[in-house]
Amino acid sequence: MKASLIKLFDLKLTKLSAELSLYADEKLLWKTPKSINNSGGNLCLHLIGNLNHYIGGVHGKSGYIRQRDEEFIIKGISVKELQQEIETVRKMVSQTINNLSNADFEAIYPINVFGSEMTTTYFLIHLTGHLNYHLGQINYHRRLVC
């Protein structure tokens, strides 16, 4: 389980970084056409905040304090800076998951996120799906604005 989760997060975060490189112009990363609520850049910030909070803050004890609203307000961060943040998150996710014990995976996740208890394994699997969902939105956004 541990190796599979690390591999999935690594694969999707690497793809996220690569996706940002495909924008024809960095300014387009922050564009929000009428039919789209969130820019690719803001979705990227949301994913970084989400993983920093739910994996780094909760299980990694990083002290990360999430500013979720800011993830959708901040604009103009360069692709290079976002890619550096993604790489930092990728390493943190790998290290944190690697440090979890079998008992940690089977334990109830410390935060009641969806209104009912779930295991850490269940929630980590959910987080891979969340990452993949928004990665698809970023891909669509890029193709729409470029």
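Screening segment 36-57 for residues that are over 13 Å from ARG68 (Cβ atoms), touching a helix residue (DSSP H, G or I) at 6+ places or on another chain (Cβ under 9 Å) and in a loop (DSSP other than H, G, I, E, B) and picking the one that is modelled with the lowest pLDDT gives ILE36. Tell me yes or no: at least one residue of segment 101-112 is within 28 Å of ILE36 (Cα to Cα), of a type outside the set (D, E, K, R) and either surrounded by 15 or more Cβ atoms within 10 Å (Cβ to Cβ) or in contact with a Phe, Trp or Tyr (Cβ under 7 Å, 6 or more places away or on another chain) (or both). Checked segment 101-112: no residue is within 28 Å of ILE36 (Cα to Cα), of a type outside the set (D, E, K, R) and either surrounded by 15 or more Cβ atoms within 10 Å (Cβ to Cβ) or in contact with a Phe, Trp or Tyr (Cβ under 7 Å, 6 or more places away or on another chain) (or both). Would you be able to say whether some residue in segment 107-119 is in a helix (DSSP H, G or I), out of contact with any Ser or Thr (no Cβ under 8 Å at 6 or more places or on another chain) and over 13 Å from LEU16 (Cα atoms)? No, every residue in segment 107-119 fails to be in a helix (DSSP H, G or I), out of contact with any Ser or Thr (no Cβ under 8 Å at 6 or more places or on another chain) and over 13 Å from LEU16 (Cα atoms). Taking each residue of segment 1-30 that is touching a residue at least 40 places away in the same chain (Cβ under 8 Å) and looking for partners that are part of a helix (DSSP H, G or I) and aromatic (Phe, Trp, Tyr) with beta-carbon atoms closer than 8 Å, six or more apart or interchain, yields MET1/PHE105; LYS2/PHE105.
ALA24 falls short on exactly one of the conditions (1) touching a Phe, Trp or Tyr at 6+ places or on another chain (Cβ under 9 Å); (2) of a type in the set (A, V, I, L, M, F, W, C); (3) not in a helix (DSSP H, G or I), and that condition is (1).
The values are calculated or read from the model by the stated rules, or taken from the named source; none is laboratory data. Every value quoted in this text rests on a predicted model; they were computed, and no experiment measured them. Here Cβ is always computed from backbone atoms with ideal geometry, including for glycine, and neighbour counts include all displayed protein chains.
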